[in-house]
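Single-structure report; data block below.
Bear in mind these aren't lab numbers, they're just calculated from the coordinates by the rules spelled out. The model shown is predicted, which means the values in this text are computed figures rather than measured ones. Ideal geometry is used to build each Cβ from the backbone, glycine not excepted, and the neighbour counts take in all protein chains shown.
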Amino acid sequence: MSNRIMIIEDEEALVVLLKYNLENEGFEVLTESRGSKAVAEVEAHHPSVIILDWMLPEMSGVEICKLIRSKPDIKNIPIIMLTAKGEEEDKIKGLGAGADDYVTKPFSVPELVARVKAQLRRAPEPQQEKEKIFEDIRMDMVEKKVFRGDNYVHLGPTEFRLLRTLMDVPGKVFSRDFLLKTVWGDNIYVESRTIDVHIRRLRLALNKYGPDYIRTVRSTGYALDASQHSDEEDFE
Ligand code: CA
């Protein structure tokens, strides 16, 4: 999987610019503009590097930085803080709050990209993922087994790969095209409806032991989601 970068910034033009450039470098880019949602997003998606703006609505970059550093499962993620021009005090506070680096606005995009890469080189190698967990669903990636609570869920290899993809980023809506490429591969012709068949099998197997967490997004694709559903979705 590619390195995942999270941009926490409310300045939309800057987010678009950074996302574009980082994606060109092969990174997967997630964005969040609301300070109050930032920490939960980091916990949900475990980015490799966080680009965090100093000034955000609802919660400041420094507060977010401190909060991230206080949480054992995310505290080691490198943080690059974006600060306003010439505010030396901000930089000092930022580093005091636990940022690993800071970049002063306005900055050049190549410079920021270089700093992201520097943090990645510094970051410890991600451990071989041994399991994936979403709510009561646990995938043992070594044994290639799936459990729901204490129950073993028997899945075929295609259903296993589908679930693994959905569990990579819970909440994200994966298009049918993306799932076809990821689960079946680029060079194999599979009808789009085939996915629906395998999703149905996956649901049948998982839902024996708990509620339906697979969300169908009409005419788009599928996501893993434990929250209450709006009327936008249908259930097969
Ligand atoms: Ca801002």
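Put simply, the amide H of L56, placed in the peptide plane, has neighbours under 5 Å in G61, leaving out anything fewer than 5 places away on its chain. Short-range pairs are left out: with C-alpha atoms under 8 Å and at least six residues apart, the relative contact order of the chain is 12 percent. Of the listed pairs K66/K117; K144/K208; K145/K208; K144/K172; K19/K181, which have alpha-carbon separations greater than 21 Å here? Over 21 Å Cα-Cα: K66/K117; K144/K172; K19/K181.
Near V29, the amide H atoms lying under 5 Å from its own belong to I5; only residues 5 or more places off or on other chains count, and H is placed 1.01 Å from N. When the charge dipole of the chain is built from unit charges on Cβ atoms (+1 for Lys and Arg, -1 for Asp and Glu) and taken about the Cα centre, the candidate among H45, T165, S60 whose Cα reaches farthest toward its positive end is T165.
When +1 charges are put on Lys and Arg Cβ atoms and -1 charges on Asp and Glu Cβ atoms, the dipole computed for the range 131-224 relative to its Cα centre reaches about 220 debye. Size check on the range 131-224: the Cα extents along the three principal axes, sorted descending, read 36, 27, 21 Å.
Plainly put, the chain has a radius of gyration that is 1.01 times its Kirkwood radius, both from alpha-carbon atoms, as the Rg/Rh ratio. Taking a sphere under 13 Å around the Cβ of N21 and counting the other residues whose Cβ falls inside, with K and R at +1 and D and E at -1, yields a net charge of 0. Across the options G35, Q119, I199, the greatest Cα extent toward the positive end of the charge dipole of the chain (unit charges at beta carbon of Lys, Arg, Asp, Glu) belongs to I199. Under 1.5 on a/c is rounded, so check that first for the range 4-122, then, if it is not, pick prolate when a/b is larger than b/c and oblate when it is not; a ≥ b ≥ c are the square roots of the alpha carbon gyration tensor eigenvalues. Judged from the Cα gyration tensor, the range 4-122 comes out rounded (a/c under 1.5).
Helical runs assigned H by DSSP (4 residues or longer) give the chain a calculated mean residue ellipticity at 222 nm of -11500 deg cm²/dmol, each run adding -39500 (n - 2.57) before division by the residue total. Placing R0 at 30 angstrom, the Cβ-Cβ distance between D73 and E191 gives a FRET efficiency of 0.15 after rounding to 0.05. Residue separation of A118 and V142 scaled by 0.36 nm, minus their Cα-Cα distance, works out to 5.6 nm of gained length.
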